[in-house]
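Please read the structure below before turning to the comments.
The values are calculated or read from the model by the stated rules, or taken from the named source; none is laboratory data. Please read these numbers as outputs of a predicted model, since none were measured by experiment. Counting neighbours? That spans all protein chains shown, and the Cβs are built from the backbone with ideal geometry, glycine included.
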């Protein structure tokens, strides 16, 4: 079965600190997609990044960066110089293959989320 | 583009009542889905649709019904509400099943 583990339940940092959110996944799929979503206190789910299993290049977007390591089944997310507005719950998610094969199944398996609090 | 919209934002029901949660998207996405978010359980897939006229069950479909008569709309019906259905419901859409799924703002449902 697919599984996503975010071992850090809560992280608390002071503004301007760097913080890394860990994500470890398990899948039987050879082609899969990984995602990060942000859920701010207002409750909506905001898409941050999508990565396919064949692309192991790290990605940087402003203060955000992602480290994908297939060898350790990890897809970690780092926020550099954190800000109070980064306070949110962050979810890592994995696309899951259809139980019987096929391409019409788009279930996302989510981790439990990491609550990040950035203090001023 | 409004993206994915959901109504209502909040709803309180009594046990046994029925209601429909509305979801619409204006991105011409073929794939749409419903998730529920519960504390400690993460998000779980209820039903999904790969296009108009085609729906299928997800992980936790019991007590819910869906239909997809148009590409834009994917309503979720609660047939007879139970307290166990108290949750936050998210609708999502994507261009393809394994594409990026964009979520609506959610509906917070309380069943008394």
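If a residue has to be within 26 Å of residue B:91 (Cβ to Cβ) and not in a loop (DSSP other than H, G, I, E, B) to count, how many in the stretch A:6-50 make the cut? The qualifying residues number 14. Return the residues of the stretch A:30-54 that are loosely packed, with under 13 Cβ neighbours inside 10 Å and either over 13 Å from residue A:116 (Cβ atoms) or away from chain B (no Cβ under 13 Å) (or both); say none if nothing qualifies. Once the filter is applied, which keeps residues that are loosely packed, with under 13 Cβ neighbours inside 10 Å and either over 13 Å from residue A:116 (Cβ atoms) or away from chain B (no Cβ under 13 Å) (or both), the stretch A:30-54 yields A:30, A:31, A:42, A:54. Among the residues of the stretch B:89-112, those that are under 23 Å from residue A:53 (Cβ atoms) and either assigned to a loop (DSSP other than H, G, I, E, B) or away from chain A (no Cβ under 14 Å) (or both) comprise B:95, B:96, B:97, B:98, B:99, B:100, B:101.
In the condition set (1) under 14 Å from the mean Cα position of the chain (by Cα); (2) in contact (Cβ under 8 Å) with a residue 12 or more places away in the chain; (3) over 30 Å from residue B:10 (Cα atoms), residue A:29 is compliant with all but (1). When residue B:1 is tested against the conditions (1) touching a residue at least 40 places away in the same chain (Cβ under 8 Å); (2) over 15 Å from the mean Cα position of the chain (by Cα), the lone failure is (1). In the stretch B:13-59, the residue that is nearest to residue B:73 (Cα to Cα) out of those that are in contact with a strand residue (DSSP E or B) (Cβ under 7 Å, 6 or more places away or on another chain) and free of Cβ contacts under 8 Å to residues at least 12 places away in the same chain is B:56. Within the stretch B:48-88, restricting attention to residues that are at pLDDT below 95 and in a strand (DSSP E or B), the residue that is surrounded by the most Cβ atoms within 10 Å (Cβ to Cβ) is B:48.
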